[in-house]
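Working notes for the structure below.
The values are calculated or read from the model by the stated rules, or taken from the named source; none is laboratory data. All of these numbers come straight from a predicted model, not from anything done at the bench. In this analysis, Cβ positions are derived from the backbone assuming ideal geometry, glycine residues included, and neighbour counts consider all displayed protein chains.
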Amino acid sequence: MHNDAPVYLCELVCPYQPTRTLRSANNNMLEVKRTRTKAGDCSFAIAAASLWNNLPTVTKTCDNLTSYKRLLKTHFFVSHISVIRHEHYLFTRLFGNIINT
């Protein structure tokens, strides 16, 4: 997005350009092509675009590399903590009565 990546990687992803005026047009999103298989979903072009599009806008629009890294680490840390909390909640809901007896 900031032309800092090698050319061969830039060729694998395309900026999202909607066919009509949408609010998401200015969110620095990448086009996620449709695939028919799980293997296709795991390809670099699809996985990279999906991960990039899920980042907060403030992270995607950051111009400073140091700030970008800090925002990216914070995003992944918060995402990971919320997953752990959700898994803990599900575990205690499913097995809490077994453990407490």
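To keep it simple, each residue is scored yes or no on (1) over 25 Å from SER79 (Cα atoms); (2) assigned by TED's automatic domain parsing to the domain that holds PHE77.
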{"position": "LEU9", "(1), (2)": "yes, no"}
{"position": "THR19", "(1), (2)": "yes, no"}
{"position": "LYS33", "(1), (2)": "no, no"}
{"position": "CYS42", "(1), (2)": "no, no"}
{"position": "ASN64", "(1), (2)": "no, yes"}
Q.
Residue pairs, Cβ under 7 Å, 6 or more apart or interchain, first in the range 63-89 and farther than 18 Å from ASP4 by Cα, second modelled with pLDDT of 85 or more and of a type outside the set (Lys, Arg). List them.
A. HIS75/LEU55; HIS75/PRO56; HIS75/THR59
Q: Within the range 31-48, track down each residue that is under 26 Å from THR61 (Cβ atoms) and either touching a residue at least 24 places away in the same chain (Cβ under 8 Å) or among the basic types (Lys, Arg) (or both).
A: LYS33, PHE44, ALA45, ALA48
Q.
Please pick out the residue among THR21, THR66 that is at pLDDT below 85 and more than 13 Å from the chain's Cα centre (by Cα).
A. THR21
Q: Could you identify the single residue in THR19, THR74, THR35, THR59 that is of a type in the set (Val, Ile, Thr) and loosely packed, with under 12 Cβ neighbours inside 10 Å?
A: THR19
